[in-house]
Amino acid sequence: MHLTLQQLKLFEAVSRLGGYTRAAEELCLTQPAVSIQIKRLETQAGMPLFEQVGKKTFSTAAGKIMYAASIDILKRVDELKTSIEELNGTVKGPLQLSVVSTAKYFLPTILGAFLHQYPDVVPKLKFTNRARVVERLMNNDDDFVIMGQVPQDNNLEGYPFLNNILGIVAPTDHPLANKKNISIKELADHRFLNREIGSGTRYVFDQILKEQGVTIEPYMELGSSEALKQAVIAGLGLAILSLHSVQLERDMNKLTVLDVQGFPLKRRWHAVHLKGRKLSLVARTFLDYVLEENHSVLEFEYT
Ligand code: PGA
(Lines give C-alpha, C1' and ligand atoms only; values in the text may rest on other atoms or scores of the structure.)
Protein backbone atom coordinates (compact mmCIF):
# COMPACT_ATOMS: atom_id res chain seq x y z
CA MET A 1 0.00 0.00 0.00
CA HIS A 2 1.31 3.44 -0.90
CA LEU A 3 0.05 5.75 1.75
CA THR A 4 1.47 8.89 3.24
CA LEU A 5 1.62 10.07 6.84
CA GLN A 6 -0.39 13.14 5.84
CA GLN A 7 -3.19 10.88 4.53
CA LEU A 8 -3.16 8.92 7.79
CA LYS A 9 -3.35 12.16 9.80
CA LEU A 10 -6.35 13.31 7.74
CA PHE A 11 -7.97 9.92 8.03
CA GLU A 12 -7.45 9.84 11.82
CA ALA A 13 -9.06 13.27 12.16
CA VAL A 14 -12.08 12.37 9.98
CA SER A 15 -12.65 9.16 11.98
CA ARG A 16 -12.22 10.81 15.36
CA LEU A 17 -14.34 13.86 14.55
CA GLY A 18 -16.91 11.95 12.51
CA GLY A 19 -16.83 14.17 9.43
CA TYR A 20 -14.78 15.77 6.64
CA THR A 21 -15.73 19.35 7.47
CA ARG A 22 -14.70 19.16 11.12
CA ALA A 23 -11.44 17.41 10.20
CA ALA A 24 -10.72 20.10 7.60
CA GLU A 25 -11.38 22.81 10.19
CA GLU A 26 -9.08 21.20 12.75
CA LEU A 27 -6.27 20.77 10.23
CA CYS A 28 -6.79 24.20 8.59
CA LEU A 29 -7.49 22.64 5.18
CA THR A 30 -10.38 22.84 2.76
CA GLN A 31 -13.03 20.14 2.81
CA PRO A 32 -12.32 19.07 -0.84
CA ALA A 33 -8.58 18.71 0.00
CA VAL A 34 -9.50 16.29 2.78
CA SER A 35 -11.94 14.27 0.68
CA ILE A 36 -9.45 13.92 -2.23
CA GLN A 37 -6.85 12.42 0.12
CA ILE A 38 -9.39 10.08 1.73
CA LYS A 39 -10.50 8.95 -1.76
CA ARG A 40 -6.85 8.12 -2.56
CA LEU A 41 -6.57 6.18 0.66
CA GLU A 42 -9.75 4.27 -0.21
CA THR A 43 -8.33 3.44 -3.63
CA GLN A 44 -5.24 2.04 -1.90
CA ALA A 45 -7.38 0.05 0.51
CA GLY A 46 -9.54 -1.18 -2.37
CA MET A 47 -12.74 -0.48 -0.43
CA PRO A 48 -14.61 2.39 1.21
CA LEU A 49 -13.39 3.52 4.63
CA PHE A 50 -16.40 5.72 5.39
CA GLU A 51 -20.08 5.62 4.61
CA GLN A 52 -22.47 8.51 4.62
CA VAL A 53 -25.81 7.96 6.38
CA GLY A 54 -27.93 11.09 6.17
CA LYS A 55 -25.59 13.87 7.22
CA LYS A 56 -23.38 11.62 9.32
CA THR A 57 -20.10 9.98 8.37
CA PHE A 58 -19.51 6.49 9.81
CA SER A 59 -16.45 4.26 9.58
CA THR A 60 -16.89 1.01 7.64
CA ALA A 61 -15.36 -2.21 9.00
CA ALA A 62 -12.23 -1.49 6.92
CA GLY A 63 -12.25 2.09 8.25
CA LYS A 64 -12.23 0.81 11.83
CA ILE A 65 -9.21 -1.43 11.16
CA MET A 66 -7.45 1.45 9.40
CA TYR A 67 -8.24 3.78 12.35
CA ALA A 68 -6.60 1.47 14.91
CA ALA A 69 -3.55 1.13 12.65
CA SER A 70 -3.32 4.87 11.99
CA ILE A 71 -3.35 5.69 15.72
CA ASP A 72 -0.59 3.17 16.24
CA ILE A 73 1.54 4.43 13.34
CA LEU A 74 1.12 8.13 14.24
CA LYS A 75 2.02 7.42 17.87
CA ARG A 76 5.15 5.55 16.80
CA VAL A 77 6.18 8.42 14.54
CA ASP A 78 5.78 10.84 17.46
CA GLU A 79 7.87 8.55 19.67
CA LEU A 80 10.52 8.37 16.98
CA LYS A 81 10.70 12.16 16.81
CA THR A 82 10.96 12.36 20.60
CA SER A 83 13.70 9.69 20.77
CA ILE A 84 15.77 11.50 18.18
CA GLU A 85 15.42 14.76 20.10
CA GLU A 86 16.42 12.93 23.26
CA LEU A 87 19.63 11.77 21.59
CA ASN A 88 20.48 15.46 21.37
CA GLY A 89 19.73 15.72 25.09
CA THR A 90 17.38 18.65 24.53
CA VAL A 91 14.27 19.04 26.64
CA LYS A 92 12.11 19.99 23.73
CA GLY A 93 8.81 18.97 22.21
CA PRO A 94 5.31 18.00 23.27
CA LEU A 95 4.10 17.45 26.82
CA GLN A 96 0.60 16.00 26.92
CA LEU A 97 -1.18 16.04 30.28
CA SER A 98 -4.71 15.43 31.49
CA VAL A 99 -5.51 17.22 34.68
CA VAL A 100 -8.54 17.08 36.98
CA SER A 101 -10.41 20.35 36.86
CA THR A 102 -9.63 21.28 40.48
CA ALA A 103 -5.90 21.20 39.75
CA LYS A 104 -6.29 24.29 37.56
CA TYR A 105 -5.78 26.33 40.73
CA PHE A 106 -2.13 25.31 41.07
CA LEU A 107 -0.87 23.42 38.02
CA PRO A 108 -0.51 26.46 35.72
CA THR A 109 1.81 28.03 38.32
CA ILE A 110 4.10 24.98 38.32
CA LEU A 111 3.94 24.66 34.54
CA GLY A 112 4.65 28.36 34.05
CA ALA A 113 7.84 28.13 36.12
CA PHE A 114 8.86 24.96 34.27
CA LEU A 115 8.35 26.56 30.84
CA HIS A 116 10.42 29.50 31.92
CA GLN A 117 13.29 27.06 32.38
CA TYR A 118 12.44 24.92 29.31
CA PRO A 119 10.90 27.27 26.72
CA ASP A 120 11.00 24.68 23.91
CA VAL A 121 8.50 22.40 25.59
CA VAL A 122 5.07 22.56 23.96
CA PRO A 123 2.43 21.77 26.59
CA LYS A 124 -1.02 20.42 25.76
CA LEU A 125 -3.29 20.32 28.76
CA LYS A 126 -6.73 18.78 29.02
CA PHE A 127 -8.63 19.93 32.11
CA THR A 128 -11.58 17.66 32.76
CA ASN A 129 -13.21 15.77 35.60
CA ARG A 130 -11.77 12.73 37.33
CA ALA A 131 -13.86 10.16 35.41
CA ARG A 132 -12.58 11.42 32.06
CA VAL A 133 -9.00 11.67 33.36
CA VAL A 134 -9.16 8.01 34.51
CA GLU A 135 -10.44 7.02 31.07
CA ARG A 136 -7.54 8.79 29.35
CA LEU A 137 -5.08 7.32 31.86
CA MET A 138 -6.23 3.76 31.10
CA ASN A 139 -6.04 4.48 27.34
CA ASN A 140 -2.46 5.67 27.79
CA ASP A 141 -3.43 8.92 26.01
CA ASP A 142 -1.15 11.27 27.97
CA ASP A 143 2.42 11.48 29.22
CA PHE A 144 0.88 11.40 32.67
CA VAL A 145 -2.16 12.74 34.46
CA ILE A 146 -2.70 14.84 37.59
CA MET A 147 -5.47 13.79 39.96
CA GLY A 148 -6.43 13.44 43.62
CA GLN A 149 -6.64 9.82 44.68
CA VAL A 150 -4.94 7.21 42.49
CA PRO A 151 -7.48 4.59 41.34
CA GLN A 152 -6.88 1.18 42.92
CA ASP A 153 -5.18 -0.65 40.09
CA ASN A 154 -1.88 -2.52 40.14
CA ASN A 155 -1.07 -1.31 36.64
CA LEU A 156 -0.69 2.29 37.77
CA GLU A 157 2.30 4.22 39.05
CA GLY A 158 1.37 7.21 41.22
CA TYR A 159 3.61 9.90 42.71
CA PRO A 160 2.24 12.10 45.51
CA PHE A 161 3.11 15.80 45.64
CA LEU A 162 1.24 18.83 47.09
CA ASN A 163 -1.39 18.62 49.82
CA ASN A 164 -5.00 18.74 48.70
CA ILE A 165 -7.08 19.98 51.61
CA LEU A 166 -10.84 19.59 51.23
CA GLY A 167 -13.17 21.68 53.35
CA ILE A 168 -16.88 22.47 53.61
CA VAL A 169 -17.25 26.08 52.57
CA ALA A 170 -20.05 28.55 53.28
CA PRO A 171 -20.75 32.24 52.79
CA THR A 172 -19.45 34.23 55.77
CA ASP A 173 -22.99 35.09 56.95
CA HIS A 174 -24.21 31.48 56.93
CA PRO A 175 -25.90 30.33 60.19
CA LEU A 176 -23.23 27.61 60.60
CA ALA A 177 -20.33 30.00 59.96
CA ASN A 178 -19.32 30.44 63.60
CA LYS A 179 -20.51 27.09 64.91
CA LYS A 180 -17.95 24.65 66.34
CA ASN A 181 -17.77 20.91 65.76
CA ILE A 182 -20.65 20.64 63.28
CA SER A 183 -21.71 17.05 62.55
CA ILE A 184 -22.08 15.81 58.98
CA LYS A 185 -25.70 15.07 59.81
CA GLU A 186 -26.33 18.75 60.58
CA LEU A 187 -25.20 19.68 57.08
CA ALA A 188 -28.22 17.81 55.73
CA ASP A 189 -30.47 20.50 57.25
CA HIS A 190 -28.95 23.11 54.94
CA ARG A 191 -28.87 23.57 51.19
CA PHE A 192 -25.92 21.65 49.81
CA LEU A 193 -24.42 22.09 46.35
CA ASN A 194 -22.66 19.19 44.66
CA ARG A 195 -20.24 18.65 41.82
CA GLU A 196 -21.38 16.35 38.99
CA ILE A 197 -21.05 12.54 39.13
CA GLY A 198 -17.54 11.75 37.84
CA SER A 199 -15.89 14.48 39.91
CA GLY A 200 -13.16 13.29 42.29
CA THR A 201 -14.22 15.79 44.95
CA ARG A 202 -17.79 14.53 44.73
CA TYR A 203 -16.57 10.94 44.96
CA VAL A 204 -14.67 11.64 48.20
CA PHE A 205 -17.71 13.31 49.77
CA ASP A 206 -20.08 10.52 48.68
CA GLN A 207 -17.74 8.01 50.33
CA ILE A 208 -17.82 9.94 53.61
CA LEU A 209 -21.62 10.17 53.55
CA LYS A 210 -21.83 6.44 52.87
CA GLU A 211 -19.44 5.63 55.73
CA GLN A 212 -21.48 7.75 58.10
CA GLY A 213 -24.85 6.57 56.82
CA VAL A 214 -25.96 10.13 56.07
CA THR A 215 -27.92 11.17 53.00
CA ILE A 216 -27.70 14.71 51.71
CA GLU A 217 -30.00 15.51 48.84
CA PRO A 218 -28.12 18.11 46.77
CA TYR A 219 -29.98 21.36 46.21
CA MET A 220 -28.16 21.80 42.91
CA GLU A 221 -25.48 19.99 40.91
CA LEU A 222 -22.89 22.12 39.14
CA GLY A 223 -20.22 21.00 36.67
CA SER A 224 -17.12 22.73 38.03
CA SER A 225 -15.52 23.84 41.28
CA GLU A 226 -15.51 27.41 39.97
CA ALA A 227 -19.31 27.32 39.46
CA LEU A 228 -19.76 25.82 42.94
CA LYS A 229 -17.62 28.49 44.50
CA GLN A 230 -19.57 31.31 42.86
CA ALA A 231 -22.85 29.69 43.93
CA VAL A 232 -21.64 29.42 47.54
CA ILE A 233 -20.59 33.08 47.53
CA ALA A 234 -24.03 33.98 46.17
CA GLY A 235 -25.59 32.22 49.18
CA LEU A 236 -27.10 29.30 47.29
CA GLY A 237 -25.72 26.67 49.66
CA LEU A 238 -22.74 24.88 51.19
CA ALA A 239 -20.22 22.85 49.21
CA ILE A 240 -17.15 20.67 49.59
CA LEU A 241 -14.23 22.24 47.78
CA SER A 242 -10.48 21.90 47.58
CA LEU A 243 -9.07 24.81 49.58
CA HIS A 244 -6.72 25.47 46.66
CA SER A 245 -9.76 26.78 44.81
CA VAL A 246 -10.95 29.20 47.49
CA GLN A 247 -7.73 30.76 48.75
CA LEU A 248 -8.40 34.22 47.31
CA GLU A 249 -12.04 34.27 48.38
CA ARG A 250 -11.09 33.31 51.94
CA ASP A 251 -8.52 36.11 52.03
CA MET A 252 -11.19 38.51 50.78
CA ASN A 253 -13.63 37.25 53.41
CA LYS A 254 -16.19 36.16 50.85
CA LEU A 255 -16.22 32.58 52.07
CA THR A 256 -15.46 30.69 55.21
CA VAL A 257 -14.48 27.10 55.93
CA LEU A 258 -16.85 25.42 58.38
CA ASP A 259 -15.67 23.51 61.44
CA VAL A 260 -17.17 20.15 60.45
CA GLN A 261 -16.27 16.90 62.25
CA GLY A 262 -13.61 15.00 60.26
CA PHE A 263 -12.83 18.10 58.15
CA PRO A 264 -10.78 19.52 56.64
CA LEU A 265 -9.69 16.35 54.90
CA LYS A 266 -6.03 16.15 54.08
CA ARG A 267 -5.34 14.42 50.79
CA ARG A 268 -2.49 14.52 48.33
CA TRP A 269 -2.33 15.34 44.65
CA HIS A 270 -0.78 12.66 42.47
CA ALA A 271 0.94 12.44 39.11
CA VAL A 272 -0.06 9.08 37.60
CA HIS A 273 0.79 7.00 34.54
CA LEU A 274 0.45 3.39 33.46
CA LYS A 275 3.19 1.16 34.87
CA GLY A 276 5.77 0.47 32.22
CA ARG A 277 5.00 3.58 30.20
CA LYS A 278 8.24 4.88 28.75
CA LEU A 279 8.23 8.58 29.56
CA SER A 280 9.77 10.98 27.05
CA LEU A 281 12.64 13.18 28.24
CA VAL A 282 10.22 16.13 28.41
CA ALA A 283 7.70 14.17 30.49
CA ARG A 284 10.41 12.81 32.81
CA THR A 285 11.87 16.26 33.32
CA PHE A 286 8.47 17.75 34.09
CA LEU A 287 7.55 14.90 36.43
CA ASP A 288 10.83 15.40 38.36
CA TYR A 289 10.11 19.11 38.45
CA VAL A 290 6.62 18.58 39.86
CA LEU A 291 7.92 16.19 42.51
CA GLU A 292 11.17 17.81 43.51
CA GLU A 293 10.75 21.54 43.15
CA ASN A 294 9.83 23.35 46.28
CA HIS A 295 6.41 24.69 45.35
CA SER A 296 6.05 26.31 48.73
CA VAL A 297 3.83 29.12 47.45
CA LEU A 298 1.29 26.47 46.56
CA GLU A 299 1.64 24.33 49.65
CA PHE A 300 -0.54 25.13 52.57
CA GLU A 301 -1.64 23.49 55.74
CA TYR A 302 -5.11 24.36 56.94
CA THR A 303 -5.18 26.28 60.17
P1 PGA B 1 -12.39 16.78 40.32
O2 PGA B 1 -11.18 15.88 40.84
O3 PGA B 1 -11.85 18.11 39.85
O4 PGA B 1 -12.97 15.91 39.22
O5 PGA B 1 -13.35 16.95 41.46
C6 PGA B 1 -10.46 16.20 41.98
C7 PGA B 1 -9.70 14.97 42.47
O8 PGA B 1 -9.33 14.09 41.67
O9 PGA B 1 -9.47 14.94 43.69
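The values are calculated or read from the model by the stated rules, or taken from the named source; none is laboratory data. Note that the structure is predicted; figures quoted are calculated from it, not measured. Backbone-built Cβ (ideal geometry, glycine too); neighbour counts: all protein chains shown. For the accessible areas, the whole protein counts, side chains as well, though only heavy atoms, and no ligand, DNA or RNA atoms are used. Shrake-Rupley method; radii C 1.70, N 1.55, O 1.52, S 1.80 Å.
Yes/no matrix, rows are residues, columns are (1) farther than 29 Å from Asp142 by Cα; (2) in the same structural domain as Gly112 (by TED's automatic domain parsing); (3) touching a Gly at 6+ places or on another chain (Cβ under 9 Å):
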| position | (1), (2), (3) |
| --- | --- |
| Leu176 | yes, no, no |
| Met252 | yes, no, no |
| Asp259 | yes, no, no |
| Phe263 | yes, no, yes |
| Val282 | no, yes, yes |
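What pairs come up if the first residue lies in segment 186-209 and is within 14 Å of Leu222 (Cα to Cα), the second is acidic (Asp, Glu), and their beta carbons are under 6 Å apart, counting only those six or more places apart or on different chains?
What qualifies is Asn194/Glu221; Glu196/Glu221.
Rundown of residues vs (1) in a strand (DSSP E or B); (2) charged (D, E, K, R), yes/no style:
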{"position": "Thr109", "(1), (2)": "no, no"}
{"position": "Pro119", "(1), (2)": "no, no"}
{"position": "Phe127", "(1), (2)": "yes, no"}
{"position": "Val133", "(1), (2)": "no, no"}
{"position": "Asp153", "(1), (2)": "no, yes"}
{"position": "Phe161", "(1), (2)": "yes, no"}
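On the basis of being more than 23 Å from Arg284 (Cα to Cα), surrounded by 14 or more Cβ atoms within 10 Å (Cβ to Cβ), under 27 Å from the mean Cα position of the chain (by Cα) and touching a residue at least 12 places away in the same chain (Cβ under 8 Å), does Ser70 make the cut?
Yes.
Find the strands (runs of 3 or more DSSP E) located wholly in segment 214-286 whose residues include 2 or more that are in contact with an Asp or Glu (Cβ under 7 Å, 6 or more places away or on another chain), on the phi < 0 side of the Ramachandran plot and of a type in the set (S, T, N, Q), and list them.
So the answer is none; nothing clears 2.
Limited to segment 114-148, what total is found for residues that are open to solvent by 40 Å² or more (accessible area, probe 1.4 Å), among the aliphatic types (A, V, I, L, M) and in contact (Cβ under 8 Å) with a residue 24 or more places away in the chain?
Residues in segment 114-148 being open to solvent by 40 Å² or more (accessible area, probe 1.4 Å), among the aliphatic types (A, V, I, L, M) and in contact (Cβ under 8 Å) with a residue 24 or more places away in the chain: 4 in total.
Given (1) more than 21 Å from Asn155 (Cβ to Cβ); (2) within 16 Å of the ligand (Cβ to nearest atom), identify the lone condition not met by Arg136.
Failed condition: (1).
If the requirement is being loosely packed, with under 15 Cβ neighbours inside 10 Å and out of contact with any helix residue (DSSP H, G or I) (no Cβ under 9 Å at 6 or more places or on another chain), which of these qualifies: Thr90, Thr43?
One residue alone meets the criteria, Thr43.
Out of everything in segment 287-303 that is part of a loop (DSSP other than H, G, I, E, B) and of a type in the set (Asp, Glu), what residue ends up being modelled with the lowest pLDDT?
Glu301
When Lys179 is evaluated against the numbered criteria (1) modelled with pLDDT of 95 or more; (2) more than 21 Å from the chain's Cα centre (by Cα); (3) open to solvent by less than 60 Å² (accessible area, probe 1.4 Å), which criterion, by number, is the only one it fails?
The failed condition is (3).
Which members of segment 149-159 meet the condition of being away from the ligand (no atom under 12 Å from the Cβ) and open to solvent by less than 50 Å² (accessible area, probe 1.4 Å)?
The one that is away from the ligand (no atom under 12 Å from the Cβ) and open to solvent by less than 50 Å² (accessible area, probe 1.4 Å): Leu156.
Being in contact with a strand residue (DSSP E or B) (Cβ under 6 Å, 6 or more places away or on another chain), within 16 Å of the ligand (Cβ to nearest atom), under 24 Å from Asp251 (Cα atoms) and touching a residue at least 24 places away in the same chain (Cβ under 8 Å) narrows it down to one of Ile168, Ile182, so name that one.
Ile168
Can you confirm whether Ile197 is within 16 Å of the ligand (Cβ to nearest atom) and assigned to a loop (DSSP other than H, G, I, E, B)?
So Ile197 fits the description; yes.
Inside segment 6-46, can you point out the residues that are over 29 Å from the mean Cα position of the chain (by Cα), under 21 Å from Lys75 (Cβ atoms) and of a type in the set (A, V, I, L, M, F, W, C)?
Answer for segment 6-46, where residues must be over 29 Å from the mean Cα position of the chain (by Cα), under 21 Å from Lys75 (Cβ atoms) and of a type in the set (A, V, I, L, M, F, W, C): Ile38, Leu41, Ala45.
Does any residue in segment 4-18 that is of a type in the set (Ser, Thr, Tyr) come within less than 6 Å, Cβ to Cβ, of a residue that is surrounded by fewer than 20 Cβ atoms within 10 Å (Cβ to Cβ) six or more places away or on a different chain, and which pairs are these?
Ser15/Ser59; Ser15/Tyr67
Does Leu209 satisfy being more than 14 Å from the ligand (Cβ to nearest atom) and touching a His at 6+ places or on another chain (Cβ under 8 Å)?
no
Filter segment 227-245 for residues that are modelled with pLDDT of 95 or more and within 21 Å of Arg267 (Cβ to Cβ) and give the result.
Leu228, Lys229, Val232, Leu238, Ala239, Ile240, Leu241 - these are the residues of segment 227-245 that are modelled with pLDDT of 95 or more and within 21 Å of Arg267 (Cβ to Cβ).
Just the residues that are under 18 Å from Pro171 (Cβ atoms) and among the acidic types (Asp, Glu), please, taken from segment 201-259.
Glu226, Glu249, Asp251, Asp259
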